[in-house]
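Below: one structure, written as C-alpha cells.
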Amino acid sequence: MSNDQSIRICFASEDQGLAEAVARTLGAGFALRATREFELGRLSDFREWCDVMLLDLRSASTDGDYEPGIRLMEAMNQIKGHAPFIVLCDSENRSLLLRAMELGAYDSVSNPPNIVELRLILGRAHKFYAAEKELERLRAATSSSGKLHELIGTSPALQDLFALAHKIAPCDVNVLISGETGTGKELLARAIHQMSGRGSRPMVAFSCVNLPETLIEDELFGHEKGAFTGAMMARRGRLESADQSTLFLDEIGDLGLGLQPKLLRVLQERRFERLGSNTGINLNIRLICATHRNLDEMVRKGTFREDLYYRLNVVQLHLPSLRERRDDIPLLAQHFLHLSAAQFGKKAKRFSQPALRALEEYAWPGNVRELENAVQRAVVLSEGHAVDVWQLPVSITKNTTEEATLNGLYEEEVRQFKRRLLLRTLRECGWRKAESARVLGVARGYLHRLINQLDIREPEEIMPEADARTGYVPVKRSDFPPVKQIA
C-alpha cells in the first residue's frame, strides 16, 4: 500500500512514548500523527486529515474520571460525517467501555494494544468510513441528477447495470428486469422511467402475483358499466391509466396462459378494448416487466408464450442478489440506518464492529428488502449512537453468536493454560517474580500484569490461619530454601 493509500490515523494520547511505539509497529499501510490535545477545537487539522481517530482514554484520565476523552467523544458526535474513533482503555473497566460504546465508539482495544488486533480494527474502521463517504457522494449525485433514484451500490456488477440503464432509458423499448425477490426491481424500473422522456408523468405499477386471471384482466383492461355482475360503472384499467407513460408489470412470469395472448395483441397493435366494449382505445405506453422466474425455462416447458417473451425481452437487465455484491452491504446498511433514525427520532449513527460483521457475513435470502427491515428493527431497539449486534434479528446473529461462543471457549482454554504455566513457574522459582520472568522470557512488568489478570495469589495469602484446636500451623514458603534451577 503506497503512502497515498495509507490509512491515516490521529492518535490522541498523553503518552507520547506509546504513540511512537504504535506508529513504529503498525508498519506499512498506516500513517499516524500523534497529539496530546483532547480539545475538539484544537484538533481541526487532525480531523480533516485523518481516516480514523484513536483515543487513549487511560492517558486522558483526570483522577480516574476520563473526562477529557469523554468530552471529546461527545463533541465529535455533534459533527456530521466525522471519522470513526477507536478507544484504548483497560479491558477490566466495563463501565468506561459501555460509556464509550454509547457515545458511538467504533471499537475498543486494550491498553497497551495488541498490534495485530489493532491493525485489523483500524482496517475495518477505515472500510466503514470509506463506505459512509461513498454513501454521501451517492446521495449528492442522486439529489442533483435523480439518475440513480433509490438504487445504491458501488460494486462493479451494479455499476455496469447503472451504465446500461442510463443508455436504454431514453429509448422507448420494452425492458425485462430479472432478479431474486427483494433485490429492487421496481426501484430500477422507476429509475429508468424517470430518466426517460415519459418521466414527467407518474409510472403505473401492477403485480401479477397470486391473482386470478379474471381479476388481472379487469385490472389491466378496465370494464364498461354492466360488463359483468357488480359492474355498476365504467372503470379505467392500468393500461389506459399508463397512456403516454410507463406501465410496470411485476412478476410477469405469474401471468396466466389465457391472458398472455391478449397482452401480446396489445403490444403488437398498440390498441385494446375494455371488458364489455367493442370500441378500441389507442395506446401509447412503454412496458417494463420484472420477474424472479426463469422465463427461458418456462418457454421450454410451454408455460410461457415464446412470442410474448421475445416482445418483452427487447432489453434484459439482471439485478444481482445481495450475496453477489457483499461490498455494498455496509453502504446499504448505513443508508437504511440514517433513514430509520430520522424516521423514528433515534440517535443511532453507526453500527458497532460486531454488528457490521454480522451483517456482512449473513446470507441475505431476502436481499435488500430483508436488510432494510433488519436495520429498521435494530434502530427501533437502539438507545445510543451505535447499533449493537444483539439488536439485530436472531436469524442474522445466530452464526455470530455460535462463533462468539467458540471464541469464548477458546479464550478460556488459553487463559487456563496461561494460569497453569504461570503457577508452575512461580512455584519452581520459589515465587520470586524476577526469576520467574527470566525463566518465562517475559518482562517483569508484563508478568505482574498477568498475575493480576489471572488472579494468582501467593500461598500465604490463601492459606487458612492456624487453628489451636486441631494444632494446624500453616507453612510459609519462607520456611523452605529456594528451589535450585536445573540448567
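The values are calculated or read from the model by the stated rules, or taken from the named source; none is laboratory data. All figures in this text were calculated on a predicted structure; none of them were measured in a lab. Cβ placement follows ideal geometry from the backbone for every residue including glycine, while neighbour counts extend to all protein chains displayed.
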Only helices (runs of 4 or more DSSP H) wholly contained in the range 140-239 count here; list those with 3 or more residues that are within 19 Å of GLU324 (Cβ to Cβ) and without any contact (Cβ under 8 Å) to a residue 12 or more places away in the chain.
156-168
Looking at HIS149 and the list (1) surrounded by 18 or more Cβ atoms within 10 Å (Cβ to Cβ); (2) at pLDDT below 90; (3) under 24 Å from ASN294 (Cβ atoms), which single condition is not satisfied?
(3)
Taking only the range 254-298 into account, find how many residues are of a type in the set (A, V, I, L, M) and in contact (Cβ under 8 Å) with a residue 60 or more places away in the chain.
5
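Answer yes or no: is there a residue in the range 275-290 that is loosely packed, with under 14 Cβ neighbours inside 10 Å and among the β-branched types (Val, Ile, Thr).
yes
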Residues satisfying the stated conditions in the range 352-388, i.e. without any contact (Cβ under 8 Å) to a residue 60 or more places away in the chain, surrounded by 20 or more Cβ atoms within 10 Å (Cβ to Cβ) and β-branched (Val, Ile, Thr)
VAL375, VAL379, VAL387
For the range 74-91, how many residues meet the condition of being surrounded by fewer than 23 Cβ atoms within 10 Å (Cβ to Cβ), touching a residue at least 12 places away in the same chain (Cβ under 8 Å) and either assigned to a strand (DSSP E or B) or out of contact with any Lys or Arg (no Cβ under 9 Å at 6 or more places or on another chain) (or both)?
3
Please determine whether any residue of the range 396-414 is at pLDDT 80 or above and either of a type outside the set (A, V, I, L, M) or buried (at least 16 other Cβ atoms within 10 Å of the Cβ) (or both).
yes
If a residue has to be surrounded by 20 or more Cβ atoms within 10 Å (Cβ to Cβ) and more than 33 Å from the chain's Cα centre (by Cα) to count, how many in the range 199-217 make the cut?
1
Residue that is surrounded by fewer than 19 Cβ atoms within 10 Å (Cβ to Cβ), assigned by TED's automatic domain parsing to the domain that holds THR183 and either modelled with pLDDT of 95 or more or among the aromatic types (Phe, Trp, Tyr) (or both), where the choices are PHE228, PHE272
PHE228
